[in-house]
Structure formats: structure tokens, C-alpha cells
Amino acid sequence: MSLVYQGSAKCLDRDYVSYNWDSWLEFSRSIEASTYKFIHTVKYAIAIPEIIVLLDFFKVPQREIKFSRESVFSRDSYKCGFCGQVFVPKDLTIDHIIPISQKDRHEGSPTHFMNVISACRPCNYKKANRDPSQASMPLLFQPRKPKWISPLSKATTNECLPSWEHFLNRQAISLGD
Ligand SMILES: [Zn+2]
């Protein structure tokens, strides 16, 4: 809603009529409370729009996934990159594919997504301070930059409001993996 307030987006009602912030407030006051879900603020009860149209973007803005242990484990489906077994997060470690101590010989940040892989403790211990070829431990899968998954992908598999059918071709939308 902050995008609507800033004038970067408009709300559409179920007949696809567009509203700016002020007219959406007016619309919210004019409709039955049971027809939409509402956000209640100190000043207003605002109907939660089912559809907004972005005016300033050509596509849904993508977010960068922040580098963290959890985001690396999740990217790797909690699998060790060396033995392929699935572990709970507490039994996984972050392995630097090219060890930090060798980073001068390689380009890029040593903690970049592309230089790390999930590894169980025994595999990480065995690989030690070597790269996969030195350790004769080839990677079972390659690291990649994780994709941000749009909340829309959740909407396409779960709840879909009737007013969205107009925009969603479930077969055509494949977001994330
Ligand atoms: Zn392992």
C-alpha cells in the first residue's frame, strides 16, 4: 500500500476500475465490510486491494537474497555438496569451494554464493583446506546464485482470488525453482 500512497501504484477493484490512494480510501468507506479484507489503522479502515498496478516498474522488483548460512543451505536443499546426503541445518557447514587461504589466486569474494557449498561436518573436515580437485572430492552439484521467489509463486499454488484469474495463466508462470 505504501506504493499506492507514494503514487507509484494504483489499486484495482474487482471490476478492474483503478483508484489512487484517496479514491481507494473513499472506495473502502463505501463498500460492505464483509466484501473485502480490511487493514485497520488509527485513522481509517482500508480495504486490502486484491490487485495493484505498478506505475513505475516494468516488472515486479526483484530482491537480492542476502548471503547467510540459511540461504546457502536452502539453495542446496540441505544437501551436502560432496556426499549428497540431506542434513538438518545444525549438522551442515558452509564450505568454501576455493579455500579462503587461496583466494588471492582467484577472482571474486571468497564468501560469494558462487564459492560456497553446503557440506556436512565429516565432508568439510575431510576436504580441509583444499579445493575439490586437490581433495579428490568433486562437487555433486554446482553452486548458483539463489533466485528470489516472488510471493506470486505462492499465490499460484495456493489461494487464487477470482479477480486474479484474469492475470494468471498458471501453466505459463514458473517463478523460482
Ligand atoms: Zn557430506
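The values are calculated or read from the model by the stated rules, or taken from the named source; none is laboratory data. Being a predicted model, the structure only gives us computed values, none of them experimental. With ideal geometry, Cβ positions are generated from the backbone for all residues, glycine too; neighbour counts draw on all protein chains shown.
Listing for the model above:
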| quantity | calculated |
| --- | --- |
| Restricting segment 115-135 to residues that are surrounded by 13 or more Cβ atoms within 10 Å (Cβ to Cβ) and of a type in the set (Gly, Ala, Ser), the residue that is farthest from the ligand (Cβ to nearest atom) | Ala135 |
| Of the criteria (1) in contact with a Lys or Arg (Cβ under 9 Å, 6 or more places away or on another chain); (2) in contact (Cβ under 8 Å) with a residue 12 or more places away in the chain, which one Val86 fails | (2) |
| Strands (runs of 3 or more DSSP E) fully within segment 12-90 counting 2 or more residues that are modelled with pLDDT under 90 | 38-40, 51-54 |
